[in-house]
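What follows is a single structure, written as structure tokens, with notes after it.
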Amino acid sequence: MSNGPKKKLTQKLKKNLPVTGPQAPTLYELMQWYCLTTNTHGCRRIVVSKGRLRRWIWIALTLTAVALVFWQCALLLMSYYTVSVSITVTFQKLTFPAITVCNMNPYKYSTIKPYVAGLEADTIKALKEIYGYSEPTSRRRRDLETAQEVPEVENDYLKKIQLFEVKSVNGNEIDAMEIPTRKRSRMAARVVERNTDIATENIVGYKLCDPNNSTDCTIFTFSSAISAIQEWYRLHYMNILATIPMDEKIQMSYTADDLLINCFFDGKPCDARNFTLFHHSLYGNCYTFNDAKQEQLLESSMGGAEAGLKLVIYIDEEEYNPFLVTAAGAKILVHDQNDFPFIEESGTELETATETSIGMQLTESSKLDSPYSDCTVDGTDVPVENLYNKKYTFQICLYSCFQKEMVKTCGCAHYDQPLPEGAKYCNYEEFPSWIYCYFKLHKQFVEEALGCQSTCRESCSFKEWTFTRSVAKWPSLNAEEWTLRVLSWELGSKINKNLTKNDLAHLDIFYQDLNLRTIAESPASSIPNLLANFGGQLGLWLSCSMVCVLEIIEIFLVDSFWVVLRQKGQKFVKWWKNRKEKDLEQQPDTMVGHDNPCLSDEDPPTFNTALQLPHADNCQVPRTPPPLYKTLHIPSDFTEHPTDFYDEIEVEQM
């Protein structure tokens with residue numbers, strides 16, 4: 001009996017005392033409990049301080065400290081994604097780079113002449129109409145010597161791409177004279193690349209129209225008529241090359257023995273076997289020294305010109321195409337063995353009758369990829385197919401992207417870039433509108449409307465060679481006679497003529513020193529340093545540790561969530577009970593029983609009238625038995641023999 005009152009007293013105390021801690025019924029009580037028990041002094045001072053002013057001061061100080069912590073931690077996070085650059089210089093043996101050498105004239109004029117005879121005839125006709133140009137006697141004589149090899153060619157190049165001499169320009173209204181018919185007319189066309197400083201009567205350009213829409217035309221003009229004639233010639237020239245098989249083009253260009261007369265590397269002789277053929281779309285046969293296909297890459301054991309590469313290159317200026325190339329010499333490019341040699345964009349020219357010395361210094365650069373920068377390691381995460389089968393570079397990605405768009409938009413591939421799988425190079429016969437389509441697409445590419453510049457990304461690692469170049473006259477006046485005589489004797493039957501200094505170019509390329517400069521990026525901060533800085537900021541402004549941070553997470557996220565959830569749950573349960581009670585109050589008080597088809601709903605039977613109901617006809621419903629009145633009376637005493645209720649019923653009826 002003693003446990004009963006004690007148990008009731010305990011339950012009453014629990015009911016009246018407030019619940020604190022994570023089981024607090026309200027957020028206010030939870031926060032109050034946290035401020036009293038936490039190790040963060042500012043929160044505790046808010047609760048225990050006496051006086052409203054003192055409490056507000058501690059609230060302001062605590063909120064300021066919290067804001068400072070967030071600000072400093074945000075600065076730490078932003079500094080985590082910054083990098084520091086370190087430059088190191090080491091002295092070691094260096095792998096000699098790949099050196100690609102090309103003659104500026106891609107194909108020998110005598111071999112390419114049958115394919116471009118009609119084009120040159122139309123070019124000479126246009127020059128004669130504009131400037132009164134006549135072909136030199138030496139050129140006409142040589143053409144007559146090879147006339148039997150030139151097939152009949154229909155001269156319709158001026159009709160395919162019309163040349164115009166522009167007389168006046170007024171917006172899109174152009175007054176021009178067609179070459180060579182001298183027919184003057186007005187036309188509506190857009191004018192692009194027009195130099196307004198040039199007098200109108202000196203403008204020469206060509207007209208391109210969309211074959212499917214004759215009103216969509218553009219006239220391309222240039223600041224110099226030389227550029228206009230060359231570009232017009234080059235368009236037809238590329239169209240012709242696109243139809244010539246690759247094996248035949250290699251045969252028409254220069255061999256390694258034709259191009260390279262003398263070779264030395266690191267003081268040792270070298271020859272054509274040290275060079276790898278590389279056929280360029282615009283420069284013909286080029287040759288790469290120390291290519292990746294060589295069995296073993298060559299190294300420089302020391303710096304200086306004597307440890308580098310020395311070449312004497314045969315230019316053969318007499319075999320130059322007069323309308324395709326206006327400069328004579330060779331073009332070289334220094335690049336990594338795994339890089340594609342973009343001769344046209346990055347090559348260096350070598351003059352004839354000179355000795356060009358190029359001193360190199362190697363710099364290797366590496367950048368950090370995501371999240372520190374947007375560079376790519378190997379290009380596999382860039383959604384552009386590499387058409388060059390070389391190491392990924394930003395330039396390769398741009399050209400591959402443009403070539404893909406060219407095939408998609410114009411139906412054919414441009415001759416300058418590699419051929420995608422399943423595509424064909426553009427030519428007049430199969431793709432009559434390819435030139436105009438190319439110019440429109442190239443304009444969009446330059447204006448970054450194709451999205452190639454935003455899709456392609458820089459490479460994270462690359463090598464760069466910086467040059468120190470010097471030029472000297474070669475051979476000298478006193479050494480010219482015997483030098484040329486010896487070289488002519490060495491070439492023998494290959495040239496069948498005496499060399500002149502304008503037929504030769506001399507190249508010396510070498511490492512100035514073997515200092516390798518490395519530029520590498522590294523993270524400015526590491527994870528341990530970042531955490532240590534976070535801890536310092538928390539301790540400085542809030543006298544808080546990592547345990548306090550976990551405590552804050554537990555209280556403000558976990559416990560607060562459950563308190564709110566309990567409050568919402570209790571409100572929902574209370575609302576549900578009230579709704580059930582209202583539903584019960586609105587329900588009518590009706591008896592629940594079996595339906596009797598013989599009764600009407602208007603006047604239900606009562607207990608007194610139940611015995612007077614008639615028997616139901618044709619109703620399969622059990623009859624209601626008459627009441628046993630005897631059971632309604634309580635007998636005064638009990639008997640040993642039970643009374644037969646059915647007998648009692650009969651007695652009552654009697």
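The values are calculated or read from the model by the stated rules, or taken from the named source; none is laboratory data. Nothing here was measured: the structure is a model prediction, and the numbers come from that model. Every residue, glycine as well, gets a Cβ built from its backbone with ideal geometry; the counts of neighbours run over all protein chains shown. Side chains are part of the model used for accessible areas, which takes the heavy atoms of the whole protein and leaves out ligands, DNA and RNA. Shrake-Rupley method; radii C 1.70, N 1.55, O 1.52, S 1.80 Å.
Table for the structure above
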| read-out | value |
| --- | --- |
| Which numbered condition Glu345 fails, given (1) assigned to a helix (DSSP H, G or I); (2) under 24 Å from Lys494 (Cα atoms); (3) open to solvent by 60 Å² or more (accessible area, probe 1.4 Å) | (2) |
| Single condition Pro371 does not satisfy, out of (1) in contact with a strand residue (DSSP E or B) (Cβ under 9 Å, 6 or more places away or on another chain); (2) of a type outside the set (Asp, Glu); (3) open to solvent by 40 Å² or more (accessible area, probe 1.4 Å) | (1) |
| Number of positions in region 451-487 that are hydrophobic (A, V, I, L, M, F, W, C) and open to solvent by 80 Å² or more (accessible area, probe 1.4 Å) | 4 |
| All positions within region 488-500 that are open to solvent by 60 Å² or more (accessible area, probe 1.4 Å) and not polar (S, T, N, Q) | Trp489, Glu490, Lys494 |
| Selected residue (criterion: modelled with the highest pLDDT) from residues of region 49-63 that are open to solvent by less than 100 Å² (accessible area, probe 1.4 Å) and over 17 Å from Gln32 (Cβ atoms) | Ala60 |
| Test for Ala199: is it more than 27 Å from Ala121 (Cα to Cα) and either modelled with pLDDT under 80 or in contact with a helix residue (DSSP H, G or I) (Cβ under 6 Å, 6 or more places away or on another chain) (or both) | yes |
| Answer from Thr455, Thr468 - the residue that is in contact with a Pro (Cβ under 9 Å, 6 or more places away or on another chain) and touching a residue at least 24 places away in the same chain (Cβ under 8 Å) | Thr455 |
| Flag for Phe96 being loosely packed, with under 12 Cβ neighbours inside 10 Å, touching a residue at least 12 places away in the same chain (Cβ under 8 Å) and touching a Leu at 6+ places or on another chain (Cβ under 8 Å) | no |
| Enumeration of residues in region 304-357 that are among the polar types (S, T, N, Q), over 41 Å from the mean Cα position of the chain (by Cα) and closer than 22 Å to Gln512 by Cβ | Thr354 |
| Within region 237-261, tally of residues that are open to solvent by 60 Å² or more (accessible area, probe 1.4 Å), touching a residue at least 12 places away in the same chain (Cβ under 8 Å) and not acidic (Asp, Glu) | 4 |
| Flag if Tyr115 is surrounded by 14 or more Cβ atoms within 10 Å (Cβ to Cβ), of a type in the set (Ser, Thr, Tyr) and modelled with pLDDT of 85 or more | yes |
| Members of region 302-318 that are in contact with a strand residue (DSSP E or B) (Cβ under 9 Å, 6 or more places away or on another chain) and either farther than 26 Å from Tyr107 by Cα or surrounded by fewer than 20 Cβ atoms within 10 Å (Cβ to Cβ) (or both) | Met302, Gly303, Gly304, Ala305, Glu306, Ala307, Gly308, Val312 |
